[in-house]
Every structure is written in structure tokens, then in C-alpha cells.
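The values are calculated or read from the model by the stated rules, or taken from the named source; none is laboratory data. Predicted model, so just to flag it, every value in this text is computed and none were measured. Cβ coordinates were reconstructed from backbone atoms using ideal geometry, including for glycine residues, and neighbour counts include every protein chain displayed.
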Amino acid sequence: MTQKSTIPEFTLTIQSGKNRFGEKEGFDCIVIRPGDTLSIVGPTGSGKSALINDIETLAQGDTVTGRYILINGEVPPESFVREPAFKPIALITQNTRCLADLSVEEFLIMHIRARRPGREYLLAETINLANTFTGEEISLKSRMSGLSGGQTRAFMIADALIIGDTPILLLDEIENAGIFKNRVMQSIQGGNKAVVLVTHDPYLALTADRRIVMRYGGVSSIIEPTGQEQDLVEDLALIDERLNKIREKIRLGTAFSSGSSEALMIAVGQGVTYK
Amino acid sequence: MKLLIIAGPPSGGKTAVIRQIIKNLPEDALPAFLKIDVVHATEDVELAEEFGIPVKKVYSGDVCPDHMGILVLDDALNWAKSLSRNTLIIESAGLCLRCTPYTTGSLGIAVISAISGTNSPLKMAPLLALADVAVVTKTDLISQAEKEVFRESIRKVVPSIDIVETNAVQGTGLRYLMRRIDNHPDMGSEPVVLRGSPPLGVCTICIGKKEIGWKNHFGVIRPLDMPEPIYRGD
């Protein structure tokens, strides 16, 4: 965590709706408490993004799924949905483009004004955090529309964490824009936030406290790890680490001549590590 | 008669919003639809086919479409009444954004696309400022933070306007617009007047003279270095 949170605690409840065939989903309700991490997995088109969109818009039976989202066990006040200043949820969508014709600084100032005015001192902190997630540095003078996909994603995550500073954070596939996902996860977790992430990344999926499995537009099951997956998680951590090392070398222009053991042996040159 | 006037720039999603409105109107609602455009529009045919409702279309040709809309509005209300309809939906052409077609007694709905640029609400100030509701479309194409920044930009122009964010193709979030429409009263017997004054464009360009430069024209003209338009002529 990069900042102390003064945000109130919220419990979020998802009440089941229907899948694409009109069948009841494979759960009655999911209760998400502060500090929980849940992953959402499933094939493309299975309804993963629709689920987090239901949460973000605090659906009241008025979306295709018919789900209801409660906060602290009750129907949330309208201001939670419509007024960013009261909204307890930040969502990082899959968008890797920002169309706002503003500089990064202007964008942040307007977002601070929308969320909670008077916090202009957070500008530098937000940019610094974003720059720990991305290899290419963002400055306050950059144009929003000129940011790369990875920069945009890194920026939006930092913005959600620092400007949004909400008790509930929804992330749609953070792994796919080439940003440092482990640094993102470190920043997110441990702050008593409830985190729900859509992911195709095996390590992220399995390390969550609960795993929501999607099928045909609805939740088909919820898996609560009982410890039996721990060995697999440890294996995955090692595989992930190896993959990361090789990925970084490739990104920095290394050429390889033989197998993967060699790829791991070559040291990443000094001075080329990302900030 | 309930009168809904929907205005906004071209390709902003006005027709998609109107589709959702028609789909979600209460059962006893009998809508009719009028489209005003300059030279080409197909919305009337599409909506008639899709919903089987009476529709009408007016092409304004050389005349400003918003002025045209104002001129035909009274007849349009009578037309809808003669067909025993109780809801008239009017879709503006959405051109210069300087005119505001909203009238007393109507529900004025400005439709703006979320991808039209952060400063676009400032550029269409009168169109937004006199509306009752701003519907922001295509919000599925932008991030949550951008959505909130865009909302802030609208608030700069009209601090108190009711903002409804939607992906109008899916209809997400439109429950708030439908509630507003349901609660909007029918028109009373008072005469209907415009909420704002449309700008006048009375010069010889209006009547088809094509020369450039103010020296070639009469009426309300303006040289580059003059701060305000002046009248030239008798």
C-alpha cells in the first residue's frame, strides 16, 4: 500500500441471476468482505466482464443477468451508483486507450475534482506509482491520448488506487498490457481492500481466496481452495518467475542460442532494469 | 401528450437512446416519432419497421434544421394528437449545437457520446445548459476514470444537470432516464415556447449567395477585426 486509507469498510453481496440459457447460476450469494481477493475465470465470452460490470453498476436486476448487488446487505443508495464522489468501487477496464484530449495532469486534476476535491497533492504520488508498473515513464505533461497501452493501464491502476482510493477494486485482465503485474498485485493487496480480478493468468487465478468459474454467461461454480492446490501454486510461482526473467531479457533485446536453462543463466545487463 | 425532445451531435447515439426509450416505455404509452434532418435520414423508416409506430420526417434543405423543427413543432403535436398518440418523440438533426430545440413543457434530453472529447460539453454549452437530462452514450468504450472526468466536464457547464451514463445499444443505466420520463408530466394547455433564443442568421448567405467576404453581403455581417456583428443594408 502506498497510502493510508481512511475509507469506510463495505461488505458486498452478489445475489445470483441467470445464465444465457435462463438457468439459475451455480450459487445463491457471494459475500465479499474487506481484504478478500477473488478471481474470475472462464473462456472468452463466458460473462466475466459482465459480472464485474454488474458489480460496478450495482445492478438491481436490470442487466441481462438479472443479478442484484447489495452493499452491507442492503440495496445501495443511488448516489453510490451515480455520483463518483460516493462510489465505493473502482474498475480498471480492459481499455488500453484513453481518448480524453487532456494532459495527464489535467486529467488527474479533473478526476480528483470528481472523486474528492482538494487533493491535488496526490498528483506526483499517482504518477510515481504508475511508473513503477510500466517500463516507459509517464510524465504529468504527457497527453492522455498519447500514452501507450501499457502506460494507460498502469496509469489507470495508479489512479484507481490513489485518486479513487475505494474499498472495492475490480480489475479486468491486468496481465495483458505488458505491465509488471506482480508489482500491481503488491500495491493492491494488504490494504484491506476487497479485490475482484478477471484473469487468464494461472498464478493470479489460483492465489485468490476464492475463484469464480464462469460458463455460458453465468457463474457455474465457486471454488474455495482448501490447501490442496498449494503445491501447484508453488510450482506456478517458480514457472512464473522463470517466464518473467525470460520475458524481460527478450524485451531488452537478448538473443538466445540454446535451451531455456541458458536463457535463465544470462544475466540481465546492468542499467537496463526498469524503474 | 408527453413531449420528448432529443438533441445532440451527429453519430452521438440519439437514435440508439430513442430505441431504448420506445422499448421501455410503459405499456399504455403510444409513441409517435418525428425526425428532423437536413438532406438524409433513415431513422423514421427503421423505427416504424421495428416498433410499428407512426413516424414522420422533415428535411430542412437550405434552412437551418433547428429553425425548421421549431416551425413544424406545432403541426407535429397536432399530427400526433390526431392519431391518438400520447407521447411524441422528436429527434433533432444535431448540427451547429447553438440552437436549443427544447421547449416549455417538454423533457429536453441532450445525447452526447463519451468519446467525443473532454471539452465537447463546453463547446455545446447551450444545447446542454437548457436540457433536463444529459445522456452520455458509448461509456463501454472508455475507462471508469474517463467516464468520471467526462461527467466532471459536463458539470462544469451545468452543475445540476441530471447525468445518465449508458451503453445505449445494451441499454445499461437507462433506468434513470426511464424513471425521469415516466415522472414527466403531460403538456398543459399553456402555449409552448422555446426555452432559449436561437441565434438569427439573417444575411444574404442564408438566401443562397455564395461569394465569400462580408463586402459581398448584406444583412447581419461581420468583418474579421470587428468584435461584434453589424447590420449592413437599408
If you check A:A177 against the conditions, is it small (G, A, S), crowded, with 23+ Cβ neighbours inside 10 Å and within 14 Å of another protein chain (Cβ to nearest Cβ)? no
Residue identified as within 12 Å of chain A (Cβ to nearest Cβ), at negative phi, surrounded by fewer than 18 Cβ atoms within 10 Å (Cβ to Cβ) and outside any strand (DSSP E or B) among B:K156, B:K147: B:K156
For region A:53-78, which positions are away from chain B (no Cβ under 12 Å) and either of a type in the set (S, T, Y) or at positive phi (or both)? A:G66, A:Y68, A:N72, A:G73
Yes/no for A:I32 being at pLDDT 95 or above and facing chain B (nearest Cβ under 10 Å): no
Restricting the search to region B:215-233, which residues are out of contact with any helix residue (DSSP H, G or I) (no Cβ under 8 Å at 6 or more places or on another chain) and under 17 Å from B:I205 (Cα atoms)? B:K215, B:N216, B:H217, B:F218, B:G219, B:V220, B:L224, B:P229, B:I230, B:Y231, B:G233
Tell me whether region A:211-224 contains one or more residues that are part of a loop (DSSP other than H, G, I, E, B) and closer than 27 Å to A:L161 by Cα. yes
Failed condition for A:G66, given (1) at pLDDT 95 or above; (2) crowded, with 18+ Cβ neighbours inside 10 Å, with all others met? (1)
List every residue pair whose Cβ atoms sit under 8 Å apart, with the two residues 6 or more apart in sequence or on different chains, where the first one lies in region A:82-106 and is over 12 Å from B:E148 (Cβ atoms) and the second, anywhere, is of a type in the set (K, R) and assigned to a helix (DSSP H, G or I). A:I92/A:R153; A:T96/A:R153
Looking at region B:1-97, what strands (runs of 3 or more DSSP E) fall wholly within it and have at least 2 residues that are under 22 Å from B:A129 (Cβ atoms)? B:2-7, B:87-91
Does A:L264 satisfy being on the phi < 0 side of the Ramachandran plot, assigned to a helix (DSSP H, G or I) and at pLDDT 90 or above? no
Out of all the residues in region A:35-52, which are of a type outside the set (V, I, T) and within 12 Å of chain B (Cβ to nearest Cβ)? A:S49, A:A50
I'd like to check something: does region B:173-186 contain any residue that is assigned to a helix (DSSP H, G or I), among the β-branched types (V, I, T), surrounded by 17 or more Cβ atoms within 10 Å (Cβ to Cβ) and more than 9 Å from chain A (Cβ to nearest Cβ)? yes
Of (1) in contact with an Asp or Glu (Cβ under 9 Å, 6 or more places away or on another chain); (2) surrounded by fewer than 12 Cβ atoms within 10 Å (Cβ to Cβ); (3) among the aliphatic types (A, V, I, L, M), B:I212 satisfies every one except (1)
Does region A:226-235 include one or more residues that are in contact with a Leu (Cβ under 9 Å, 6 or more places away or on another chain), acidic (D, E) and modelled with pLDDT of 90 or more? yes
If we keep just the residues of region B:126-138 that are assigned to a helix (DSSP H, G or I) and surrounded by 23 or more Cβ atoms within 10 Å (Cβ to Cβ), which is nearest to the other protein chains (Cβ to nearest Cβ)? B:L128
Output the residue which, of all residues in region A:86-120 that are within 9 Å of chain B (Cβ to nearest Cβ) and under 14 Å from A:T166 (Cβ atoms), is farthest from the chain's Cα centre (by Cα). A:A114
Taking region A:127-163 and keeping residues out of contact with any Lys or Arg (no Cβ under 8 Å at 6 or more places or on another chain), assigned to a helix (DSSP H, G or I) and among the polar types (S, T, N, Q) leaves A:N128, A:Q151
For A:L171, are the conditions met, namely being touching a residue at least 60 places away in the same chain (Cβ under 8 Å), crowded, with 24+ Cβ neighbours inside 10 Å and either in a helix (DSSP H, G or I) or not assigned by TED's automatic domain parsing to the domain that holds A:L123 (or both)? no
How about region A:189-241: which of its residues are farther than 19 Å from A:S49 by Cβ and among the β-branched types (V, I, T)? A:T207, A:I223, A:T226, A:V233, A:I239
Out of everything in region A:225-255 that is farther than 24 Å from A:A177 by Cα and outside any helix (DSSP H, G or I), what residue ends up being nearest to the chain's Cα centre (by Cα)? A:P225
Can you find a residue in region B:187-204 that is within 24 Å of B:P9 (Cβ to Cβ), of a type in the set (V, I, T), more than 10 Å from chain A (Cβ to nearest Cβ) and in contact (Cβ under 8 Å) with a residue 12 or more places away in the chain? no
